[in-house]
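**Student:** First the structure, then my questions, so here it is.
Each reported figure results from applying straightforward, stated rules to the coordinates on display, with no laboratory input. Since the structure is predicted, the reported quantities are computational estimates derived from the model, not experimental observations. Ideal geometry is used to build each Cβ from the backbone, glycine not excepted, and the neighbour counts take in all protein chains shown.
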Amino acid sequence: MLEWMQRHKKWLIITIWISVIALISAGMVGWNPSSFSFSGDQVAKVGNIKVSQQEFLNAYQRVFNEYNQMLGGNLDQLEAKKFGLDKLALNQLIQRAQLQNLAKDLGLRVEDSEVIDTITKDNNFQRNGHFDNDLYRQLLKDNHLSVKFFEESVRDSILVDKLIKLLPVSISSLETWSIGSSIALNDFITYQILKPDAPKTTITQAMLKAHWEKHKNNYMQKPSIELASISIPIATQKFNDEDLRSLYNEDKTLYLDDNGQLKSFDEVKAQVQHDFQSQQAKKEAIRLSNGLKNGNNNTKQLLIIMDNDAPQELSIQFKDLANDQITKPFLYKDHYVVGKVIKKTPEYPKSFEEAKSQVLTELKAELSLNELKTKAEKMLPLTKGNSTKINNIDHPKITPLNTQEAQFIIRNIFSNNQKSGVIMLDQGAFVYTITHQELPSKVPAQAQQLVQNIKSQIIDNALMNYLNQKYPPKYYLQNLELGVEIGQ
């Protein structure tokens, strides 16, 4: 939190203008504050700081507005509860109160003149570049805020701002070098990439059955549907030039280029022809579907497996179709098809015999990789092979791996402290030995930002741990599932 606050100083003011800037700009979103149960006027107490109902409700309204805006105005209270927005709002107030306690214990104070200066300089309360007291009071009234509550909130923000400014945000040259050079450390490696051979292990029936038993839930027969179908080919549908021009003029939005300009008829004639023939085939399929209802005998049996390649229009209908029902037309292999359902078969686990060929293929691959790993480990430490330099900053190439595979290898090497190792890939084994390491001559610019982030995170974590121990919160809000003991 503090790292973000340091990089966004206005957070300190924005989170306090909780009911003016946030609510005025976003608009009041209707919600029922009675959904929260309070015992007394306080929702929490942190050290000597009390968090009032009004602070919580205003903070919750602000957070709700932010999320509601991100979701296009479709957020309701049920979804807000799922997102934990009530906890988020309260935790923000708790952290602010902890910072207030620390600031006061350090002797920091806020003068009345500082509060006045902050408010009068805010554009929300100005007309023609000058502070307008009537506008100020009217905005507070419109948002159901008292002047006293609002000005005390501003005072609290200024106090926290003073504390945040005391925290170190810059990084020294020593920090930059000691942390940044380790981030940019270069490893020089010798490596080989081994490919698997056919397994030497003799695969028995017992091994196949054991593998199937262990992984039987992976061997599922996809659902299917059997139809008595009529199929109308798109390519045989008749058309003339007038038909195509009529369709082109009816819906020109289908024939725009990447810049939103309408293509000429001649440019898109082939596409228009296909669209017209598709429409005609679909119409014919709809017409003939009535014959299916009456027992049309001129049908062909069609079995479709409902996998990723199944027709999308049929997949949408599949769940609701029952035996003897007629499908809506669906596109299948350049035909429009309608059919009467003969039988639907749901997904089911394959028997051993049904899955046997698949089990054999997978077991062979597994045994090959296991044997390959054993072979690769016997080669360590590696003395011969290709050589390259890798680090966490650049995007080194490792021939012949692609970028994704190379990044996977680099992450694995830098995440352990082994000088040599084997990293298994989908189709092979990467065997490596680090021959030597080298610090960079200077810390790269991208590493300097990482150093800043690391330092900020360390300070953030240390401070928040201290605040949680020094100023543990006591909660009085009854219906938040905060995982803490609720005060009485």
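**Student:** What are the aspartates and glutamates whose alpha-carbon lies under 16 Å from the alpha-carbon of K333, with same-chain residues fewer than 8 places away excluded?
**Tutor:** Once the sequence-local aspartates and glutamates are set aside, what remains near K333 is D275, D307, D309, E313.
**Student:** Contact order normalised by length for the stretch 220-349, with contacts defined as Cα pairs under 8 Å and 6 or more residues apart; what percent is it?
**Tutor:** Relative contact order, the stretch 220-349: 47 percent.
**Student:** Further, regarding this structure: Give me the dipole magnitude in Debye, nearest 20, for the stretch 220-349 about the Cα centre, with unit charges on the beta carbon: positive for Lys and Arg, negative for Asp and Glu.
**Tutor:** About 700 debye.
**Student:** List T403, T345 from most exposed to least, where exposure is judged by having the fewest other Cβ atoms within 10 Å.
**Tutor:** T403, T345
**Student:** Along the stretch 315-325, what does the Karplus equation 6.51 cos²θ - 1.76 cosθ + 1.60 (θ = phi - 60°) give for ³J(HN,Hα), rounded to whole Hz, x for Gly and Pro?
**Tutor:** Whole-Hz 3J(HN,Hα) from phi for the stretch 315-325: 4, 5, 7, 3, 4, 8, 7, 10, 4, 6, 7.
**Student:** What number comes out for the charge environment of V51, summing +1 per Lys or Arg and -1 per Asp or Glu over other residues with Cβ under 14 Å away?
**Tutor:** 0
**Student:** Between N465 and K364, what is the FRET efficiency for a Förster distance of 41 Å, r being their Cβ-Cβ separation, to the nearest 0.05?
**Tutor:** About 0.20, to the nearest 0.05.
**Student:** Can you sort I183, I286 so the residue with the fewest Cβ neighbours within 10 Å comes first?
**Tutor:** Going from least to most buried by this count: I286, I183.
**Student:** Work out the FRET efficiency for S357 and Q312 from their Cβ-Cβ distance, taking R0 = 22 Å, and round it to the nearest 0.05.
**Tutor:** So the FRET efficiency works out to roughly 0.15.
**Student:** By counting other Cβ atoms within 10 Å of each Cβ, how are F56, F318, F414 ranked from fewest to most?
**Tutor:** F414, F318, F56
**Student:** What does the charge dipole of the chain about its Cα centre add up to, to the nearest 20 debye, if the Cβ of each Lys and Arg holds +1 and the Cβ of each Asp and Glu holds -1?
**Tutor:** About 1240 debye.
**Student:** Can you tally the net charge around L159? Count Lys and Arg as +1, Asp and Glu as -1, for every other residue whose Cβ sits under 10 Å from the Cβ of L159.
**Tutor:** +2
**Student:** On a full-extension model of 0.36 nm per residue, what is the gain between D324 and Q404, subtracting their alpha-carbon distance, rounded to one decimal in nm?
**Tutor:** Taking 0.36 nm per residue and subtracting the Cα distance, the gain is 23.8 nm.
**Student:** Now for a separate question. Tell me, what is the Rg over Rh of the stretch 220-349, with Rh the Kirkwood radius over Cα pairs?
**Tutor:** Here the Rg-to-Rh quotient is 1.08.
**Student:** Under 14 Å from the Cβ of Y248, count the other residues' Cβ atoms, weight Lys and Arg +1, Asp and Glu -1, and hand me the total.
**Tutor:** My count for the surroundings of Y248 gives -4.
**Student:** Report, in whole Å, the centroid distance computed from the Cα atoms of the stretch 380-449 and the stretch 74-97.
**Tutor:** 43 Å
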